[in-house]
Structures are given as structure tokens and as C-alpha cells.
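Undergrad: My questions will all concern the structure given below.
The values are calculated or read from the model by the stated rules, or taken from the named source; none is laboratory data. A quick note: this is a predicted structure, and the numbers were derived from the prediction, not measured. Every residue, glycine as well, gets a Cβ built from its backbone with ideal geometry; the counts of neighbours run over all protein chains shown.
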Amino acid sequence: MWFSYTFLSATYSIFTEELDGIENYFEGDGLEFDLMLNATKNIAFMASYGAGSADVSGNGNIVDAEVDGFSFGILLHMPVNESTDFIGGVGRTESTVDFELNGTFLESIDSHSNSIFIGVRTWASNKLELRAIIDRSKSDDESDTDLNLSGSFYIDKTFSIDGNYFFDSEGRSIGFGITKNF
């Protein structure tokens, strides 16, 4: 079996996120586009762009958040055996969140974070790939550890339907998407 490290993907996600000082969870959805390019036998470059929106209501008020951001990084991949690869890498994320209260603009916040991650990709069958990744990130004012569990069902050798579940101490998301491998 082979793993592609050159692909384009699109994922739609729904999520909940806890924010400091807000009693209820933000609930929203978003769309992300990912690009990976294999550079050498064991190194690939990653880039992504995502946008989404979320809201929370309480005490007669509605807070809306519009988020957009991009990330880039380097991934190292090494075969463990013919059906499993070890992956690891580093990345950088830049994002902007615009907040509104009852339809009136409040503020815009820029966020920057660096991350390091490790994980595995494995073939559960000749059409089903499973992945598990632990990601440790440090932003301007906090650190976070995330777990991402995902899978891809291959329609053919170059096209898959994907699903993922992501969680950390402050939120969760579930996503569905498609990937074109090259």
C-alpha cells in the first residue's frame, strides 16, 4: 500500500468551542482547504486556509464571531511497515476573529500560534485509511494539546471521502470532506 503526500482537500466542519468568560459554548461551522506537496522522499510542505462563523447567546444578547486564517508547515513521514507511516512536523497558524454584539462590531483579534505534532497513518483495509495525530500548540497567551482522529474511504486510488473528529480541553469538531491525491 502507498500513502500520498501530495493532495488537495476540502472539509466542512461543525464545532463547539469554550471561551474564557462566556458561560455558553460558541457553536458554528466552517470550511477548510488543504494543500500538501511532497518535496523529497520523506518531507512534505503543508498549507491550508479556513473560514468559519460561530455564535453564542445569553442574557438577551448574541455574540457572533467570524474567523479566517491560514497555516503552513513541514511534515516528516517515515514508513514503519508496508501499511503504516509515522508522521511528525511543525506548523504556524495566523488567524483573525471579528466579534459582533447584537449586530454591532466589537473588535478584531489577531492570533498567532506555533505547533508541533506526531501521529500515524495506517491502512485498515485496501480502501480504508485511519489517522491519529496529537498536536501541541502555543499561541500568544496559551498552550493547548489537541487530538485528531480521522479516516478516508478511497473510491479509487486518487479520490477519497473523509471524516474527522477533533477535540481538546475547550472544544470539539466533526468534519466531512473530500480529497484528491496526486
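Undergrad: Across the stretch 27-62, what is the total count of residues that are within 16 Å of residue 15 (Cα to Cα) and among the hydrophobic types (A, V, I, L, M, F, W, C)? Steps first, please.
TA: So the first thing to find is which residues in the stretch 27-62 are within 16 Å of residue 15 (Cα to Cα), and the list is 27-32, 50-57.
From the residues that got through so far, the ones that are among the hydrophobic types (A, V, I, L, M, F, W, C) too are 31, 51, 54, 56.
Selection size over the stretch 27-62: 4.
Undergrad: Given the conditions (1) in contact with a strand residue (DSSP E or B) (Cβ under 7 Å, 6 or more places away or on another chain); (2) among the hydroxyl-bearing types (Ser, Thr, Tyr); (3) farther than 23 Å from residue 160 by Cα; (4) modelled with pLDDT of 95 or more, report the number of the one that residue 48 does not fulfil.
TA: The single condition residue 48 does not satisfy is (3).
Undergrad: Quick check: anything in the stretch 119-138 under 24 Å from residue 49 (Cα atoms), surrounded by 16 or more Cβ atoms within 10 Å (Cβ to Cβ) and of a type in the set (Val, Ile, Thr)?
TA: Yes, that holds for at least one residue.
Undergrad: Next question, about the same structure. Where in the stretch 112-182 are there strands (runs of 3 or more DSSP E), lying wholly inside it, with at least 1 residues that are among the aliphatic types (A, V, I, L, M), out of contact with any Cys (no Cβ under 9 Å at 6 or more places or on another chain) and without any contact (Cβ under 8 Å) to a residue 40 or more places away in the chain? Lay out the reasoning, then the answer.
TA: On the way: elements: 128-139, 143-156, 159-167, 171-181.
Result: 128-139, 143-156, 159-167.
Undergrad: Right, another one. Of the residues that sit in the stretch 73-104 and are of a type in the set (Ser, Thr, Tyr) and part of a strand (DSSP E or B), which one is farthest from residue 118 (Cα to Cα)?
TA: Our first condition is that a residue be of a type in the set (Ser, Thr, Tyr); within the stretch 73-104, this holds for 83-84, 93, 95-96, 104.
In the following step, the residues that additionally are part of a strand (DSSP E or B) were identified as 84, 93, 95-96, 104.
Details: 84: 14, 93: 17, 95: 23, 96: 26, 104: 41 Å.
If we take residues in the stretch 73-104 being of a type in the set (Ser, Thr, Tyr) and part of a strand (DSSP E or B), then 104 is farthest from residue 118 (Cα to Cα).
Undergrad: For residue 4, state whether it is under 13 Å from the mean Cα position of the chain (by Cα) and touching a residue at least 24 places away in the same chain (Cβ under 8 Å).
TA: Working: under 13 Å from the mean Cα position of the chain (by Cα): no; touching a residue at least 24 places away in the same chain (Cβ under 8 Å): yes.
Considered against the rule, which asks whether it is under 13 Å from the mean Cα position of the chain (by Cα) and touching a residue at least 24 places away in the same chain (Cβ under 8 Å), residue 4 comes out as no.
Undergrad: Confirm whether residue 95 is closer than 30 Å to residue 17 by Cβ, of a type in the set (S, T, N, Q), at pLDDT below 95 and surrounded by 14 or more Cβ atoms within 10 Å (Cβ to Cβ).
TA: Working: closer than 30 Å to residue 17 by Cβ: yes; of a type in the set (S, T, N, Q): yes; at pLDDT below 95: no; surrounded by 14 or more Cβ atoms within 10 Å (Cβ to Cβ): yes.
Taking the combined requirement at face value, the residue does not satisfy it.
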